[in-house]
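Okay, so here's the structure we're looking at.
The values are calculated or read from the model by the stated rules, or taken from the named source; none is laboratory data. Everything numeric here is computed off the predicted structure, so don't read it as measured data. Cβ placement follows ideal geometry from the backbone for every residue including glycine, while neighbour counts extend to all protein chains displayed. Side chains are part of the model used for accessible areas, which takes the heavy atoms of the whole protein and leaves out ligands, DNA and RNA. Shrake-Rupley method; radii C 1.70, N 1.55, O 1.52, S 1.80 Å.
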Amino acid sequence: MSAPISLAPGGSASRVSAKSGLEAATERTRQPIVTGTSVLGIKYKDGVMLAADTLCSYGSMAKYKDARRLAKVNDATLLGAGGEYSDFQSITDLLRRNALEDKCTADSLYEEDVNEECAKEVWNYLRAVMYNRRNKMNPLWNDLVVAGFSQPAFGEASEENKPFLGLVDKIGTTYEDDVIATGFGSYLAIPILREKHRPDLEEGEARALLEDCMRVLFYRDCRALNRIQIAKVTKEDGVLISDPYEIETSWDSASFVEPKGQLEGDGGW
Amino acid sequence: GTTILAIPFPGGVVMGADSRVSTGTYVANRTSDKIAQLHDTIWCCRSGSASDTQALTDYVKHYLGQLAVETGRSPTVKVAAHLMRKLCYENKDNLLAGVIVGGWDAVDGGSVYNIPLGGSCIKMPFAVGGSGSTFIYGLLDSEFRPGMSREEAHDLVKLAISHAMARDGSSGGIIRTVVVTEEGNAREYVPGDQLPFGP
């Protein structure tokens, strides 16, 4: 008889299941409890930029208003996630553990000899992780955005080493593109990003574009907040994540001022 | 999802509501007006299904207008509330509507009636409703005192709704308020970037 609770990954579920074959496949996946909403990403002139708000919701309640959903994996890779926050924390721990192991088993202590995983390698690794969990019918309930460069050792000038931006979802689907968005952002922000994106966007322009999209998401997504973080990966500065800040919103259009619930009105819609 | 609130004061009532209408997690309308006028100085705050409450409001508006003509004087808030109750109760299986009826009349002064889902009708010292209301019961229990002045009631309505909007994903946008008195109705709105308590 195994103990009811255990420290091993997967807890009590990690013991070999008595079921087999078809019955094993009917084990339910969990539901997400504490969730983050959209993450946006664009490639620009100097590298890649991500944006996310700092809200984690508990169902419909805005419970944690200073949650950090953009994480530095190593000096070359940035990770952003929507979906279950605990699964994101677990993934970040895993990737950072890998990065530390890489660092400690390097050929030498010189920076140029450290073979850090680049973003594209992290993206591929995450695909394997997410697909593997999906096959066990127990997914890590996240949409992950991976940002960085496509080759390690970005200090060297390399023709092949271009900015990289890719997505991995909870069932292990992957794709890469110049603009990426998860959650509501894939409906509301992608059209705006596709319209305005250019590969030679300056940093200020890229940031303004992302802020505009985050503003639209705050207006139209029930699970969004107007407090956001912007993060970038560049060759010169590596990974930089901003402190959270509030974005401006506008509430003075005619529809707000005109009330519609009057006696002669239409009832208030 | 919604937050609606009504607080009476000597001489009238302050009615308040947020402006967000959501379908699932999408904000279908961020400029909605959830405070509907039933008669000259009788208003109601609507929560629950938008279509159900709009239909109910239209019916009650119609009947009250008729009653005013037949009796030759303005109906009382009590009558309006009980009319609403009758519709909500008799059709309880087919409706999803939580309504707060409030206003001023010459008999009772400012009064507020809460009509929740099943169709009960309860006169209350103040009434709050909608999904956002759960987050502000503590605040209202500690800040509300009977006999508050017009300004105090108005400030409390705006503060409480801001707090609800800050925590409830289904409430948001601007705060609309109507101050109902014998003299008439004063409409106001607080823009989403000037809330007493930030989002």
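Cβ under 15 Å from residue B:122's Cβ, residue B:122 left aside: what net charge do those residues give with Lys, Arg +1 and Asp, Glu -1?
Result for the local shell: +3.
In a GNM of chain B with a 10 Å cut-off on Cα contacts, which of B:67, B:83, B:140 has the highest mean-square fluctuation?
The residue that fluctuates most here is B:67.
Rounded to the nearest 20 debye, what is the charge dipole size of chain A about its Cα centre when +1 sits on each Lys and Arg Cβ and -1 on each Asp and Glu Cβ?
For this selection, approximately 1460 debye.
Taking the dipole about the Cα centre of the stretch A:144-269, with the C-beta of Lys and Arg at +1 and of Asp and Glu at -1, give me whichever of A:145, A:262, A:229 is farthest to the positive side.
Most positive-ward Cα: A:262.
Grab the DSSP H runs of chain A that are 4 residues or longer, score each as -39,500 (n - 2.57), total them, divide by all residues and round the 222 nm result to the nearest 500 deg cm²/dmol.
-8500 deg cm²/dmol
Using the Cα centre as the reference, give the magnitude of the dipole from point charges on the C-beta atoms of the stretch B:92-199 (Lys, Arg: +1; Asp, Glu: -1; all else neutral), rounded to the nearest 20 debye.
280
Under a straight-distance cross-link criterion of Cα-Cα below 24 Å, which lysines are reachable from residue B:123, leaving out those fewer than 8 residues away in the same chain?
Excluding near neighbours in sequence, the set is B:34, B:61, B:78, B:86, B:92, B:158.
Could you list, in their original order, any pairs among A:43/A:72; A:120/A:170; A:43/A:65; A:65/A:196; A:103/A:136 whose Cα atoms are separated by more than 22 Å?
Long pairs (Cα-Cα over 22 Å): A:43/A:65; A:65/A:196; A:103/A:136.
Just checking the output field for B:13-22: average partner chain Cβ neighbours within 10 Å of each residue's Cβ?
Averaged over the peptide's residues, the number is 1.
Mind listing, in residue-number order, the residues in the stretch B:159-190 that have at least 40 Å² less accessible area with every protein chain present than in their own chain alone (1.4 Å probe)?
Buried on complex formation: B:167, B:169, B:176, B:187, B:189.
Once B and A are treated as a pair rather than alone, how much accessible area drops out, both sides summed, in Å² to 100, probe 1.4 Å?
3100
Per residue, what accessible area does chain A have, given a 1.4 Å probe and all protein chains present, in Å²?
About 53 Å² of surface per residue is accessible.
Residue B:179: net charge of surrounding residues, Cβ under 9 Å, Lys/Arg +1, Asp/Glu -1, itself excluded?
+1
In the protein assembly as shown, with Lys and Arg counted as +1 and Asp and Glu as -1 at Cβ, which of these residues, B:45, A:76, A:40, has the Cα nearest the positive end of the dipole, that is, farthest along it?
Going by the Cα projections, it comes out as B:45.
Could you give the dipole magnitude of the protein assembly as shown about its Cα centre, charging the beta-carbon of Lys and Arg +1 and that of Asp and Glu -1, in debye to the nearest 20?
Once rounded to the nearest 20, the dipole reads 1880 debye.
Counting only protein heavy atoms and using a 1.4 Å probe, what share of the accessible area of the stretch B:58-195 belongs to carbon plus sulfur, as a whole percent?
Its accessible area is 51 percent carbon and sulfur atoms.
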